[in-house]
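To start, the structure under review is shown below, and the notes come after it.
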Ligand code: COA
């Protein structure tokens, strides 16, 4: 599919989706959010994609936030709609994909940019990355899940401080907070993420999909994560990958998973 604001390419099981508006520091306008939804949906449904890496174009930014020029004159209703549509189409959508999504945070990840990185399953940052939720400096609050996912990842007190001060933290601080799992040199970021992706790809994709579902259940209101885990655990016993994985172990050979 041809996109105007992003690129998507697949090689050796990894689909790399790149937000490609470098002159606007990859800010998320409506069209970009729609294109990202389509690219994630296609990758998640493709048998060629085992892991998705999301990154930003250029050396400066992952995503510098929602496109402020698009919502500066919005009403109360339009503001609420903007958040609801974005959450449905992109942020919740990415979080609930059955294909692992790694955010490769290659520079500024601000506002909607950090919220998008947080919606991914985990994050790796280059050492030039800067992260923050500056919305209160614009007279608004994070609307793409930031008030929920930031406390989940870094704890309530740190999230409160970051949102109230609207400040940025650097990659080392983000690592210390547990907001990112690893920090790399700038030019090694994608290669590092690909190495993790290759480790993931050795394992059963159908089991990984069940694991994502069970882990996410912990963060959903009204759902008992332990019950979801029990059901997901049971489901694995009906898969070819389970038979293959356990048989390969007992036969002392490497498992050849089919993802079925
Ligand atoms: N929405 C729309 N445009 C944005 C943007 C955003 N969130 N972030 C950056 N841009 C645009 C700038 O307007 C500028 O466009 P122009 O060249 O047409 O004027 C271009 O991207 C480059 O940004 P600039 O501010 O000149 O770069 P900088 O290096 O001086 O500063 C930042 C970088 C990230 C500190 C600064 O761009 C910034 O604060 N951006 C907004 C961050 C934010 O508040 N995000 C949350 C939105 S809810």
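The Rg/Rh ratio of segment 151-245, with both radii computed over alpha carbons and Rh defined as the Kirkwood radius, is 1.09.
Across segment 1-92, the volume of the C-alpha convex hull divided among the residues equals 93 Å³ per residue.
Calculate the tail of P(r) for segment 59-156: the fraction of all Cα-Cα distances greater than 17 Å, expressed in %. Of all Cα-Cα distances in segment 59-156, 50 percent exceed 17 Å.
Quarter the surface of the alpha carbon convex hull of segment 6-201 and you get the mean projected area, 9.8 square nanometres. Considered as an equivalent ellipsoid built on the Cα gyration tensor, segment 1-52 has semi-axes of 21, 11, 8 Å, the largest given first. When DSSP assigns beta bridges and you keep just the ones with both residues in segment 6-201, what percent turn out antiparallel, to the nearest 5? Within segment 6-201, antiparallel bridges account for around 30 percent of the total. Test of understanding: in a Gaussian network model of the chain with alpha carbons linked when under 10 Å, which of 99, 165, 246 would top the mean-square fluctuation ranking? In the Gaussian network model the winner is 246.
Remark: the residue 240-residue 78 segment gains 53.5 nm on full extension, using 0.36 nm per residue and subtracting the alpha carbon distance.
Per residue, the chain reaches -13000 deg cm²/dmol at 222 nm when only DSSP H runs of four or more residues are counted, each adding -39500 (n - 2.57).
Residues considered: 226, 177, 144. Largest GNM mean-square fluctuation over the chain, using C-alpha springs under 10 Å, is found at 226. By the Cα gyration tensor, segment 205-250 has an equivalent ellipsoid whose semi-axes, rounded to whole angstrom, run 24, 9, 7 from largest to smallest.
Read-outs: derived from the displayed coordinates by stated rules, not from any lab. Owing to the predicted nature of the structure, the values given are computational and were not obtained by experimental measurement.
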